[in-house]
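The values are calculated or read from the model by the stated rules, or taken from the named source; none is laboratory data. Quick caveat: nothing in here was measured; it's all calculated off a predicted structure. Neighbour counts run over all protein chains shown; Cβ positions are idealised from the backbone, glycine included.
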Amino acid sequence: MKKANVAINKDLCKKCAICVHFCPKEVFTIDQDGYPLISRLDKCTGCRLCFLRCPDFALEVETELDD
Amino acid sequence: MPSDDYKQYVAMDRLPSIWCPGCGNGVALKALALAFAELEMPPDKTLLANGIGCSGRVGDYVRCHRFHGTHGRTLAFVTGIKLVRPEIKAVCLLGDGDCSAIGMSHFVHSARRNVDIVTIVINNYNYGMTGGQFSPLSPYNVITSTSRSGKAEPDIDICKLADLAGANYVFRTTIYHVVEMKNYIKEALGKKGFSLVEIVSPCPTYYARYNKIGNIIKQLEWLKDKFIPIEEYNQMKDAEKENFFWRGRLTNRDLPDLYQHTRRSRG
């Protein structure tokens, strides 16, 4: 099982919410300012689809093997 | 895979980009940078050439060699660059208006000559930078700034055109299919001769709004539903085909490129 950590850079984020809607595990929710909020990090599998789909280089996913 | 390798090709200090929220150009740039990083291409031997338009701004955010050509003529400039410096890997990133309208003849002749260029066409079905006018690739009957009651002209399939003209590698994908996009850009970078990767991209500001597709999320879902693999598409009846578009690899062959022809003719 992979352990992943997601980091959002709010200086680059344009609030398009692609990461929120296309995460297969629904890790993100939207906060009151419209930015993505990492609310269920324990469900993250480290597939990095949010990183690949982010148009603004605002998301980074770090995965580490943990067995 | 180390995740930070792609950053040596991206000018992170110049971000945020000028594109609208959700624009596909940033996704395509990231896929290209990841493909460069996975192939470990040296930035001093890599050229990214752009045309004019929204996609033309991609060159502002890279750290390898970059070249900003005149509208539609980028492929002609890069043909010259490739003949003088054949060791440089050239990638031409064009928009649909840039490539298929004003630059159509350069595009067809670059494919016919089989110049060793990876041409990535980011097709958002309109001219985004100038206000959402239709381009030759906009589908029939769509609403744009210059076709308020539906586009009256038929569109053209540039993938089939490049195939007919003699390109070595032709692939079409969309911004939604990110992993596929990165893998096939990588495959195109490994090919000799003219490669075309057409990436269908969302334009949330004009195309999605005019055609009542909705916001960026709805348009990505539209891309997911409408673009089906080419094998599945070919088995459909003609009436069904009208509602779908194909994606996948159309051409993969190894014809000699322009440089090889030039060397041979000189003896």
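Observations on the structure shown:
- Of the residues making up region B:18-46, those that are touching a Cys at 6+ places or on another chain (Cβ under 7 Å) and either of a type in the set (Phe, Trp, Tyr) or more than 8 Å from chain A (Cβ to nearest Cβ) (or both) are B:TRP19, B:PRO43, B:THR46.
- Region B:1-17, residues that are within 11 Å of chain A (Cβ to nearest Cβ) and either surrounded by fewer than 19 Cβ atoms within 10 Å (Cβ to Cβ) or not in a loop (DSSP other than H, G, I, E, B) (or both): B:MET1, B:PRO2, B:SER3, B:ASP4, B:TYR6, B:LYS7, B:VAL10, B:ALA11, B:MET12, B:ARG14, B:LEU15, B:PRO16
- The numbered conditions (1) surrounded by 24 or more Cβ atoms within 10 Å (Cβ to Cβ); (2) within 14 Å of chain A (Cβ to nearest Cβ); (3) in contact with a helix residue (DSSP H, G or I) (Cβ under 6 Å, 6 or more places away or on another chain) are all true for B:GLY51 except (2).
- The C-beta contact set for region B:70-87 (first residue in a loop (DSSP other than H, G, I, E, B), second residue loosely packed, with under 15 Cβ neighbours inside 10 Å, distance under 7 angstrom, 6+ apart or interchain) comprises B:GLU87/B:LYS45.
- Scanning region B:133-174 for residues that are free of Cβ contacts under 8 Å to residues at least 24 places away in the same chain, assigned to a loop (DSSP other than H, G, I, E, B) and over 30 Å from B:GLY193 (Cβ atoms) turns up B:TYR140, B:ASN141, B:THR146, B:ARG148, B:SER149, B:GLY150, B:LYS151, B:ALA152, B:GLU153.
- Search result, residues across region B:18-49 that are free of Cβ contacts under 8 Å to residues at least 24 places away in the same chain and either part of a strand (DSSP E or B) or in contact with a strand residue (DSSP E or B) (Cβ under 8 Å, 6 or more places away or on another chain) (or both): B:ASP44
- Filter result for B:GLY190 (on the phi > 0 side of the Ramachandran plot, at pLDDT below 95 and away from chain A (no Cβ under 11 Å)): no
- Cβ-Cβ distances below 6 Å connect the following pairs, each with a first residue in region B:212-232 that is within 14 Å of chain A (Cβ to nearest Cβ), a second residue that is aromatic (Phe, Trp, Tyr), and a separation of six or more residues or different chains: B:LEU220/B:TYR176; B:LEU223/B:TYR176; B:LYS224/B:TYR176.
- The residues in region A:29-47 that are surrounded by 21 or more Cβ atoms within 10 Å (Cβ to Cβ) and modelled with pLDDT under 90 can be counted, and the count is 1.
- One residue stands out in region A:19-50 among those that are acidic (Asp, Glu) and in a loop (DSSP other than H, G, I, E, B): the one that is farthest from the other protein chains (Cβ to nearest Cβ), namely A:ASP31.
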